[in-house]
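> Below you'll find the structure I mean.
The values are calculated or read from the model by the stated rules, or taken from the named source; none is laboratory data. Because the structure is a prediction, the values reported are computed rather than measured. In this analysis, Cβ positions are derived from the backbone assuming ideal geometry, glycine residues included, and neighbour counts consider all displayed protein chains. Just the protein is used for accessible areas: all its heavy atoms, side chains included, with ligands, DNA and RNA removed. Shrake-Rupley method; radii C 1.70, N 1.55, O 1.52, S 1.80 Å.
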Amino acid sequence: MDVLVGRPMMGPLAPFAEGFVAELTNRGYSIQAIRSHRALLAHLSQWLAECGLGVRELTPEVAEKFLRTRRDAGYVTKVSDRGLQPLVSYLRELGELSEPSVISSPSEELVELFQRYQLQERGLAPDVVTNYARVARLVVGTRVDPIRVSLAELSAADVSAFVLDQCGKRSVADAHNVISGLRALLRFLYVEGWTQRDLAQAVPKLARRRRDLPRALEAEHVVRLLASCDRATPVGVRDYAILTVLTRLGVRAGEVARLELRDVDWHAGEILIRGKGPRLDRLPLPWDVGEALANYPRRSRPHCSDPRLFIRSCAPLTGLSRQAIGGIVRAAAVRAGLPPLGPHRLRHTVATGLLRRGAGLPEIAQLLRHKSLQTTAIYAKVDQTALSTLVLAWPGAEA
C-alpha cells in the first residue's frame, strides 16, 4: 500500500484517498491502474478546492465541467464519465454523494411505476422487465400530453395500429417480445385504473413460428467443449466449472451468473438455483459438478467481496453477467472447432440426453424447472426411435 500513497493531497477529497485506494485494491485493480485513479482523485480534489466547492457539490454538471477542464488541459486519459465512475461509486457507497436527480416526465414516472409493479407484484426477472419497459416507452411515446388523459382515450384501434407499425419493422422474435410487453402494459393500465377496459384482449395475435426441434450436441462434442478449457490457468478452471454446470444440470445462463458461494451445500450434496423471478430450486449435485465447483474457489477464484460464485478475471472483480456466460460458451465452441452455439443449446443437450436414456417428460420438466409440461413436450419429438413404435402400419402393407 505504501507504493500507492503518492504525494500529499489537498482539497475536499483528500480524506477519502486512502480508503479509495484500499477499495480499488480489494476490487483487483493493478498498481498502475490504482495510481492512475488516485492521480485523478488528486486532480479533482484540487480543482474543487480552487472552485470553492465541497464533496457534496460534485453533481453530474460539476463533474462534466471538471472533465472538460481536464480535456482542455491536454489530458488524454480519464477524460470521460467512465473514468470517474469508480470514484463516484465509492463516494456514493459512503453516502457522500446521492444518486443524480433526474427530472422525470409524467410518461417516465408511469414507466417506472410499471417496472416496479412487474418486479414487486408479479416477481418477473429483471431482464424481462427491462424489455417490458422498452415497449412501454414506445407506447407512451405515441401518446400526447397530458399522458393520463391520453391513455384514458386509448382504443382497440390504437392498439392494433401500434402493433402493425412496430411488428412490420422487426424480426419475428422481437415482434413477439413487443407483443408480450404490450399485453403486460395494457393489463397494468387496467388494474391501476389508467384505462376503463382491459385492452390486452385487443392485442392481435401473431402467427406462431414452427418450433424447430431442439438441437442437441453429440456426446463427443460436449467432451471437446470441456476439453477446450486450459485448466492450468485460473480462467480455464473457472470456464471449465461453468461449462460443467451447464452441460450436466441444464441450467440457464442467468442462473449460472446468479450462483453464490453459499448456494453450494457440500454436506447435503445440493446446489440452490435462483430461477426466473423469485423461484428457488435445489438440485442434486453430481460428483463431477461438485469437483469442478470445488476446484474453482480453491485454485483460482479471486479474493473479493462479491458473494457470487463466478467472478471476472480482471478488475473490477465482480460477478459475471448472463452475457458473459454466453460469451464463455461461444469462445469454448470456437476453441473446440464447433459451430457457434449458446448456453441454451447445452440446456437442450441435457434434456435430449435424459430422454434418450429413458427419462420421462415429467422428470425432464422437473430438472429444467418448466412451469408447464407443454413446454417440455417439444422434446418428445426428438426421440425418433420411441416415436416410430407409435406409427401404425399402412393398411395393406406387410407387417
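> Beta carbons within 10 angstrom, averaged per residue: use that to sort the peptides 119-127, 230-238, highest first.
230-238, 119-127
> Now a separate question. Suppose R0 equals 41 Å. What FRET efficiency, 1/(1 + (r/R0)^6) with r the Cβ-Cβ distance, do Ser160 and Ala324 give to the nearest 0.05?
According to the calculation, E is roughly 0.55.
> Can you give the extra length, in nm with one decimal, that the chain gains between Val144 and Asn26 once fully stretched, where that is 0.36 nm per residue apart less the Cα-Cα distance?
Here the segment from Val144 to Asn26 would lengthen by 37.5 nm.
> If you don't mind, there's one more thing I want to ask. Please work out the average accessible area per residue across the chain, using the 1.4 Å probe convention, and give it in Å².
Here the residues of the chain average 57 Å² of exposed surface.
> Using only the alpha carbons of segment 76-224, determine the length spanned along each of the three principal axes and report them from longest to shortest in whole angstroms.
Reported extents, whole Å, longest axis first: 61, 51, 34.
> To the nearest 0.05, how large is the calculated FRET efficiency for Asp265 and Ser305 if R₀ is 22 Å and r is the Cβ-Cβ distance?
The calculated FRET efficiency here is 0.50.
> For the pair Asp230/Val172, report the inter-label distance in nm, with labels modelled 7 Å from Cα in the Cβ direction.
Result: 4.2 nm between the two label points.
> On C-alpha positions alone, give me the angle between the axis of helix 17-26 and the longest principal axis of the chain, in degrees, nearest 10.
20
> So which aspartates and glutamates pass the test for Lys276, namely a Cα distance under 15 Å, with those fewer than 8 places away in the same chain ruled out?
Once the sequence-local aspartates and glutamates are set aside, what remains near Lys276 is Glu121, Asp127, Glu255.
> Moving on. Return the carbon/sulfur percentage of the accessible area of the chain, one whole number, probe 1.4 Å, all protein chains in place.
Ligands and nucleic acids excluded, carbon and sulfur give 54 percent.
> For Cα pairs less than 8 Å apart in space and 6+ apart in sequence, what is the mean separation divided by the residue count of segment 95-159, i.e. the relative contact order in percent?
Relative contact order here is 28 percent.
> When ranked by the protection proxy of mean other Cβ atoms within 10 Å per residue, highest first, what sequence do the peptides 286-292, 130-136 form?
Most protected by this proxy first, the peptides run 130-136, 286-292.
> In nm, to one decimal, how far is the modelled label at Ser105 from the one at Val223, with both set 7 Å along Cα→Cβ?
About 6.0 nm, to one decimal.
> Related question: Run the numbers on the chain and let me know its relative contact order in percent, using alpha-carbon pairs under 8 Å that are six or more apart.
So the answer I get is 14 percent.
> Same structure again: Name the shape class, rounded, prolate or oblate, that the alpha-carbon gyration tensor gives for the chain, where a ≥ b ≥ c are the square roots of its eigenvalues, rounded holds for a/c under 1.5, and otherwise prolate holds if a/b is larger than b/c and oblate otherwise.
Oblate shape, in that a/c is at least 1.5 and b/c is the bigger or equal ratio.
> Excluding residues fewer than 8 places away in the same chain, name every one of the lysines whose C-alpha is closer than 29 Å to that of Lys65.
Lys78
> Please tell me the relative contact order of segment 230-338 in percent, rounded to the nearest whole number, where contacts are Cα pairs under 8 Å and at least six residues apart.
Values: 131 pairs, mean separation 32.9, N = 109.
Relative contact order, segment 230-338: 30 percent.
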